[in-house]
Amino acid sequence: MTIEDELYREIILDNYKSKKNRGSLENATLKSEGANPSCGDELELFVELDGTTIKRATYEGAGCSICCASANMLCDAVSGRGLDEVRDVLRRFKAMLLEGGDADFPDELSDLEAMEGVKQYPVRIKCALLSWSTLELMLRKIEKTPPPGAQ
Amino acid sequence: MERSPSQCTSGAVFGINESMLDIPAVRADFPILEKTMRGKPLVYLDNGATSLKPECVLDAERAYYTDLGANIHRGVYEFSEQATVAYDAVRAQTEAFIHAPDDGHAIFTKSTTESINLVAYGWALKHLKSGDEIVITEIEHHSNFVPWQAVAERTGAVVRFAPVAEDGTLERGGVERTLTGKTRLVAITAMSNVTGYIPPVSEIVAAAHAVGALVLVDGAQYVSHHPVDVAEWGCDFLAFSAHKMCGPTGVGVLYARENVLDSMDPFLFGGDMILKVKKEGTTYAPLPAKFEAGTPNIAGVIGFGAALSYLSNIGLEEIAAHEKELLAYAYERIGSIPGVIVYGPADLANRGGIFSFNIDDVHPHDVGTILDREGIAVRAGFHCAQPLMRVFGVFGTVRASFYVYNTREEVDLLAAGVDAVREIFV
């Protein structure tokens with residue numbers, strides 16, 4: 001096996017090892033927990049909102065490389081983005097893994113395309129989706145009860 | 001129809017040297033071993049989850065459907081009668097396989113889990129009361145853990161844990177120290193599904209009986225690989241599954257002696273388990289029918305008979321010795337790779353053929369996926385044994401579990417897979 005392996009590509013390993021988005025966020029406006037009971041992966045997502053823009057997102061938790069790499073990518077992808085854009089990225093990421101959607105993200109989000117390799121290993125798709133499903137729950141919560149400052 | 005289980009065996013189990021297993025001949029009995037997975041020859045090292053099936057077991061199952069087809073214990077016609085005889089013959093065969101005493105019965109269930117639940121519902125819920133104690137351990141599979149928590153919740157009984165050492169063994173004398181005059185049941189595995197550790201069952205049974213407690217042995221991992229003598233163990237219940245011992249899925253066994261079974265309530269009610277049904281009430285059938293309501297997995301039980309014959313013809317001693325050799329080789333070959341941590345007692349004397357490990361801090365699922373790419377099937381995760389994972393302080397392990405058809409070459413391929421993981425992650 002080489003570094004060109006479709007799943008364990010450098011992009012994924014770099015994101016897995018990255019400490020940049022790891023840890024809790026002191027000024028978090030929103031927190032949400034997610035778990036895959038079948039494999040034991042657990043993570044917590046922290047989001048700091050500025051109005052309707054995500055100022056910064058981080059995660060904490062324990063999981064496999066796919067789970068952690070995907071969470072790290074998520075934090076990069078949503079930081080500095082408006083909630084509507086975030087919803088769009090989320091929809092496209094899920095479509096890429098679940099509905100055979102094209103892995104076609106704008107340049108600044110092209111890391112996300114590396115996750116497409118996980119489709120060859122259907123049991124691992126839930127690892128890649130854990131952080132995104134957690135984000136989805138968080139966004140639904142905001143829709144119901146918008147946090148102060150978000151109109 | 002050739003459905004006599006004794007006719008169902010590998011034509012060439014033994015090679016020139018009769019003391020050695022002829023592994024290529026054994027492998028030829030398992031059609032699935034010709035398959036490739038991810039484009040590579042299948043290396044099946046997940047026998048702790050389920051074993052592969054030899055052709056003779058598949059033939060026996062099929063022969064029931066093609067040659068008999070009838071339900072058991074009902075029809076007055078020839079095929080139904082023959083099906084009944086074939087089904088009950090496997091019961092006798094199962095009892096002989098575990099050396100059950102004359103008053104010992106094998107009840108067919110659907111799985112080890114159901115067998116344990118039958119004891120939980122039929123015996124424990126009936127006999128246990130508030131303040132009684134059930135002794136279990138942290139090395140149990142969830143199926144011999146969760147039912148006792150549920151029984152405790154419903155009866156007010158207390159679950160107590162015999163102490164477990166860092167290497168996943170039971171502390172010497174630990175079960176004895178956990179027993180009290182209030183202990184009514186000890187539920188213990190005969191072989192850990194995570195480490196392959198084999199606890200001293202006979203000693204535990206003797207100590208439990210000394211305080212008047214019954215003992216349930218979870219034999220799911222042990223019975224498929226070792227000769228079993230329940231009379232020698234002296235246990236009150238033994239639960240195990242056909243599918244881990246070359247038999248079909250959907251067949252489990254509960255062994256117990258007559259006086260114990262007589263003291264139990266049925267767990268499933270309905271057809272086939274009754275003597276008389278009247279508007280005023282029902283009387284139950286005698287043993288073992290009392291515990292086998294409804295149409296059982298007839299084809300599966302008949303296939304299981306073929307599996308028992310197959311294993312007996314090879315020899316359980318030989319199977320255990322072969323797996324121990326593979327385990328020792330895995331220790332030598334993989335245990336020596338830098339960063340590899342192996343779980344379980346280092347002394348292989350009380351170990352079955354299970355090799356559980358981690359590679360540095362690489363997540364077990366990543367290891368499993370990379371091995372999958374190489375055509376190697378292992379289990380990765382917490383193996384339905386979360387309490388033991390907590391003892392080890394890990395999120396999970398990678399588990400290679402051997403059976404009679406595995407080879408040293410397959411251990412070499414696993415070692416190469418471990419190297420591939422290190423190349424990517426370490």
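Please treat every number below as a calculation from the coordinates, not as lab data. Keep in mind the model is a prediction, meaning the values are calculated, not measured. For neighbour counting, all protein chains shown are included, and Cβ atoms are generated from backbone atoms with ideal geometry for every residue, glycine included.
Could you figure out which of (1) among the small types (Gly, Ala, Ser); (2) within 19 Å of residue B:365 (Cα to Cα); (3) surrounded by fewer than 18 Cβ atoms within 10 Å (Cβ to Cβ) isn't true of residue A:128?
Of (1) among the small types (Gly, Ala, Ser); (2) within 19 Å of residue B:365 (Cα to Cα); (3) surrounded by fewer than 18 Cβ atoms within 10 Å (Cβ to Cβ), only one is false for residue A:128: (3).
Name the one entry in B:382, B:402 that is closer than 30 Å to residue B:316 by Cβ, in contact with a Gly (Cβ under 6 Å, 6 or more places away or on another chain) and within 13 Å of another protein chain (Cβ to nearest Cβ).
B:382
In segment A:11-56, what count of residues is obtained for those that are more than 18 Å from the chain's Cα centre (by Cα) and farther than 23 Å from residue B:380 by Cα?
5
Would it be correct to say that residue A:71 is within 14 Å of chain B (Cβ to nearest Cβ), among the small types (Gly, Ala, Ser) and crowded, with 23+ Cβ neighbours inside 10 Å?
Here the answer is yes, as residue A:71 does meet what is asked.
Could you figure out which of (1) crowded, with 19+ Cβ neighbours inside 10 Å; (2) away from chain A (no Cβ under 14 Å); (3) not hydrophobic (A, V, I, L, M, F, W, C) isn't true of residue B:408?
Result: residue B:408 passes all but (1).
Only one of these is free of Cβ contacts under 8 Å to residues at least 40 places away in the same chain, farther than 18 Å from residue B:366 by Cβ, in contact with a helix residue (DSSP H, G or I) (Cβ under 7 Å, 6 or more places away or on another chain) and in a helix (DSSP H, G or I): A:109, A:90. Name it.
On inspection, the qualifying residue turns out to be A:109.
Just a yes or no: is a residue in segment A:96-105 touching a residue at least 24 places away in the same chain (Cβ under 8 Å), in contact with a helix residue (DSSP H, G or I) (Cβ under 7 Å, 6 or more places away or on another chain) and within 16 Å of residue A:32 (Cβ to Cβ)?
For segment A:96-105, residues touching a residue at least 24 places away in the same chain (Cβ under 8 Å), in contact with a helix residue (DSSP H, G or I) (Cβ under 7 Å, 6 or more places away or on another chain) and within 16 Å of residue A:32 (Cβ to Cβ): absent.
So in segment B:411-426, with the set limited to residues that are of a type in the set (Asp, Glu) and within 13 Å of chain A (Cβ to nearest Cβ), which one is nearest to residue B:195 (Cα to Cα)?
Per the criteria, the residue is B:419.
Considering only segment B:238-296, give the strands (runs of 3 or more DSSP E) lying wholly within it that have at least 3 residues that are in contact with a strand residue (DSSP E or B) (Cβ under 8 Å, 6 or more places away or on another chain), surrounded by fewer than 19 Cβ atoms within 10 Å (Cβ to Cβ) and not hydrophobic (A, V, I, L, M, F, W, C).
Hits in segment B:238-296: B:281-284.
Exactly one of these conditions fails for residue B:301: (1) in a helix (DSSP H, G or I); (2) surrounded by fewer than 24 Cβ atoms within 10 Å (Cβ to Cβ). Give me its number.
(2)
Tell me whether segment B:28-50 contains one or more residues that are part of a helix (DSSP H, G or I), more than 30 Å from residue B:285 (Cβ to Cβ) and small (Gly, Ala, Ser).
Yes, segment B:28-50 contains at least one residue that is part of a helix (DSSP H, G or I), more than 30 Å from residue B:285 (Cβ to Cβ) and small (Gly, Ala, Ser).
So residue B:280 passes all but one of these: (1) over 18 Å from residue B:83 (Cα atoms); (2) in contact (Cβ under 8 Å) with a residue 60 or more places away in the chain. Which condition number does it fail?
Single failed check for residue B:280: (2).
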